[in-house]
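Here, each number is a calculation from the coordinates, and none is a lab measurement. Treat the numbers as computed from the prediction; the structure is a model and nothing was measured. Glycine gets a Cβ as well: all are built from the backbone with ideal geometry, and neighbour counts include every protein chain shown.
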Amino acid sequence: MVERRQQLRYAAAETASAVKYAFEVLAEPLRVDPDAAALRLPVPDAQTTTMVGEVGWGSRPAAVLACPGCGSDVYQHRPTTVIDCPECWREVTPERFSDLELRYLNCPECGDRMRHGRRHPEQFDLPEWASCDTCQYHWELEHF
């Protein structure tokens, strides 16, 4: 009787091991890829094939502008921060953003320069969109 119980325990352990192995084989393709952690849905209004995106002026990527005094690059981290030149110490309020020359927008995902443009130049004197060719990040100005 004891020998039969040991045989049954051994068989149960083998079966459990086989089931666990089968589960691992079947579940492996369904596991979350740790390298795909940044994969997010695209901006629905942009109708693009981007992987990551934002909408609205408040989520605009960081901008590099030309200083109106000395012409050097001025980095504006957020759209609501004061634009201040590190060279000549000139300060410009964020409301005067459109008065300055926009050199480029900086991608918040990979740090590369973004292509940007305006779709309605007669209505807006601000960039309305920006796309990063490196990581496919896309930003859209929300104007409904």
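Take the conditions (1) farther than 17 Å from residue 52 by Cβ; (2) out of contact with any helix residue (DSSP H, G or I) (no Cβ under 8 Å at 6 or more places or on another chain); (3) surrounded by 12 or more Cβ atoms within 10 Å (Cβ to Cβ); residue 108 misses just one of them, which is (1). Restricting the stretch 69-101 to residues that are touching a Leu at 6+ places or on another chain (Cβ under 7 Å) and surrounded by fewer than 16 Cβ atoms within 10 Å (Cβ to Cβ) leaves a set whose member that is farthest from residue 55 (Cα to Cα) is 101.
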